Amino acid sequence: MRALTLALMLAAPLTLSVPAAHAFNPFGAYVTGTEITPAQMDAAEIGKTTQKQVSEAFGAPNRREQLGDTQVWYYDFTKIKSFGKNINESTVFEFNKAGVLTAKSKSNGTGGAKTGNPLLDAANGK
């Protein structure tokens, strides 16, 4: 009985220090931003999709730029994994003065090329 009491007393601070099981995940990934899949990119039709539809589908963009009559929206996404290839990409939507999609693209930060930094290249699977 004494050993059980001692074990419970030692375990109590551990359970109090970790608020939830999902909060402590040593193999999880750090994720930030808005992930836009290839299927979602394909659904956005040039000449048809509006700013309102993009905003409803993905929320507010991380960044906006006005370049003449063109408004550019950027959706950034980063996923840093404990194991495997990291993801760092930007999805870009360009709209005309009427708010209709005129161009769309996706970049992965380095464009698939080596950076010259061996640590970054290894982290990105290059």
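The values are calculated or read from the model by the stated rules, or taken from the named source; none is laboratory data. Only a predicted model underlies this, so the values are computations on that prediction, with no experimental measurement involved. Positions of Cβ are generated from backbone atoms using ideal geometry, with glycine treated the same way; all protein chains shown enter the neighbour counts.
From the list A39, A60, the one residue that fits, being in a loop (DSSP other than H, G, I, E, B) and at pLDDT 85 or above, is A60. Any chance you could count how many residues in the stretch 69-88 are modelled with pLDDT of 95 or more and outside any strand (DSSP E or B)? Going through the stretch 69-88 one residue at a time, the tally reaches 1. Condition check for D76 on (1) loosely packed, with under 10 Cβ neighbours inside 10 Å; (2) under 30 Å from L119 (Cα atoms); (3) charged (D, E, K, R): one failure, at (1).
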